[in-house]
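The values are calculated or read from the model by the stated rules, or taken from the named source; none is laboratory data. Just so you know, these numbers come straight off a predicted model, no measurement behind them. Quick reminder, even Gly has a Cβ in these numbers, built from the backbone with ideal geometry, and neighbours come from all protein chains shown.
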Amino acid sequence: MDKALYILAGWLIDGSGGPIREKVLLKIVDGRFAAIEPYSVETLPPAAQVKDLSHCTVIPPLVDCHVHLYMSGTTDHTIREWQLSAGYEELRPVIGRHLHYLFSHGVLAARDGGDHGGFALRYRAEPEMQREIILKVAGRAWHKKGRYGALIGRYPGEGESLAEAYAAENDAIDHVKLVNSGLNSLKIFGKETLPQFTLEEIAAVVRAAEQQNRKVMVHTNGRVPVQLAVAGGCHSIEHGFFMGRENLELMAEKGTFWVPTVFTMKAYGSNIHAAQAGADRQVIEKNLEHQLGQLAMARELGVKVALGTDAGSLGVLHGESMVEEMKLYKKAGYSLAETVQCATSNGAELLGIDDFGLLVNGKTATFLVARGAPAQLPRKLSYLEEIYLRGVPSALYRKNPVKHT
């Protein structure tokens, strides 16, 4: 008896960036893809039953490469201030809720960019942790004393180098998070801040991290801070506003990933009433357009781009913001297939997840099902038809496909 599961997908976007395929037969055995080929009745074994998803588009699970699980994205300043100061026990249900939002929107892998108490790291060890999500954590980020970064981390002690501070850490983190600039100004277009660390400091901590098989992600904006991070060997540039063509060329040459978090700026514009005092809508719009221009340039130059939302920032909701970020990639000139690649397999590569992100023979049959044709993506990813985990429809998603309220 043939124990294979057969699925007829109306359309398949496999995560490679290649052409979208129509009427594809998926053969799944023991939770893995045994064959992915054009659909034909003649090739089916006798009496084989086929799950008909001919009205749907199948894509790999989404990967959000930049989230802050302890923050909710709310525009309510009272709640934001509470989340920035609350302790772990108070934030446990907040983190759990955000992980559920991610799962419900098809985000099955995420990379946390740090919090001041290492709360995401602690939560990952909890029994109630959503195990269907692969969560990579930085614990607490590193920043320079007196500079931006206190809300997501800490700084080296007096007389202690960055590398020495890192070496003294015993937390079971997956990657290292550095902060090497300030925030983007919402009042002055293109304003850059000085770097927080020297090239030597960055290179030293990168070497130390690599010895422990860890990558280094770095919050950085502006030409000089980004140049130092790339030259120092950091594995991914987070945000990268106003970094310029020369840095993008260097990143393409070195294979440095870029996580642009474009939607953060659009969210500021949409919620300007809750943004920093004196925020200028025209400046915000120019910031957004400049970042979209850099994203188009990255595509032209062949920079490895992985999608990250910075969920938890003002107006950036966990899960839902993936669709908004994908829309902006398309606006920057990425095809749908290329956008999906950035949101799936590129993110999996950056996070070091081998059996994930591509829908090809031999890989685990974990994928998303969106009702409708590809032309309705990415919008329809907010209303998934189904989530398959290792070849089986997720009972958890069917039971509770939560959306934000």
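Grab the helices (runs of 4 or more DSSP H) fully contained in region 208-278, keeping just those with 2 or more residues being out of contact with any His (no Cβ under 7 Å at 6 or more places or on another chain) and under 20 Å from Thr309 (Cβ atoms).
263-270
For Lys254, indicate whether it is in contact (Cβ under 8 Å) with a residue 24 or more places away in the chain, under 19 Å from Leu178 (Cβ atoms), surrounded by fewer than 18 Cβ atoms within 10 Å (Cβ to Cβ) and among the basic types (Lys, Arg). Spell out how you get there, then give the answer.
Values: in contact (Cβ under 8 Å) with a residue 24 or more places away in the chain: yes; under 19 Å from Leu178 (Cβ atoms): yes; surrounded by fewer than 18 Cβ atoms within 10 Å (Cβ to Cβ): yes; among the basic types (Lys, Arg): yes.
Spelling it out, Lys254 is indeed in contact (Cβ under 8 Å) with a residue 24 or more places away in the chain, under 19 Å from Leu178 (Cβ atoms), surrounded by fewer than 18 Cβ atoms within 10 Å (Cβ to Cβ) and among the basic types (Lys, Arg).
Of the residues that sit in region 20-46 and are of a type in the set (Gly, Ala, Ser) and in contact (Cβ under 8 Å) with a residue 24 or more places away in the chain, which one is surrounded by the most Cβ atoms within 10 Å (Cβ to Cβ)? So that I can check it myself, show each step before the final result.
Going residue by residue through region 20-46, those that are of a type in the set (Gly, Ala, Ser) are 31, 34-35, 40.
Now restrict to residues that are in contact (Cβ under 8 Å) with a residue 24 or more places away in the chain: 31, 34-35.
Working: Gly31: 14, Ala34: 16, Ala35: 13.
That would be Ala34.
Can you find even one residue in region 327-350 that is more than 17 Å from the chain's Cα centre (by Cα) and charged (D, E, K, R)?
Looking through region 327-350, at least one residue is more than 17 Å from the chain's Cα centre (by Cα) and charged (D, E, K, R).
Please verify whether Gly278 is assigned by TED's automatic domain parsing to the domain that holds Ser104, touching a Cys at 6+ places or on another chain (Cβ under 8 Å) and of a type outside the set (A, V, I, L, M, F, W, C), treating the condition exactly as stated. Steps first, answer last, please.
On the way: assigned by TED's automatic domain parsing to the domain that holds Ser104: yes; touching a Cys at 6+ places or on another chain (Cβ under 8 Å): no; of a type outside the set (A, V, I, L, M, F, W, C): yes.
Judged against the criteria, Gly278 is not a match.
Contact list please: Cβ distance under 6 Å, first residue in region 113-136 and of a type in the set (Phe, Trp, Tyr), second residue assigned to a loop (DSSP other than H, G, I, E, B), pairs at least six apart or on different chains.
Here the result reads Phe119/Tyr70, each pair linking region 113-136 to a residue that is assigned to a loop (DSSP other than H, G, I, E, B).
Go through region 106-141 and report how many residues are out of contact with any strand residue (DSSP E or B) (no Cβ under 7 Å at 6 or more places or on another chain) and either at pLDDT 95 or above or assigned by TED's automatic domain parsing to the domain that holds Pro378 (or both).
7
Starting from residues that are of a type outside the set (D, E, K, R) and exposed (fewer than 14 other Cβ atoms within 10 Å of the Cβ), keep the ones in region 85-99 and report whichever is nearest to Ile133 (Cα to Cα).
By that ranking, first place goes to Pro93.
Which of the residues that make up region 164-214 are under 18 Å from Lys145 (Cα atoms) and either in contact with an Asp or Glu (Cβ under 6 Å, 6 or more places away or on another chain) or touching a residue at least 60 places away in the same chain (Cβ under 8 Å) (or both)?
Lys177, Val205
Where in region 294-405 are there helices (runs of 4 or more DSSP H), lying fully within it, with 1 or more residues that are in contact with a Gly (Cβ under 6 Å, 6 or more places away or on another chain)?
Values: elements: 320-331, 336-343, 345-351, 395-399.
Because the criterion is at least 1 residues that are in contact with a Gly (Cβ under 6 Å, 6 or more places away or on another chain), the helices (runs of 4 or more DSSP H) in region 294-405 that meet it are 336-343, 345-351.
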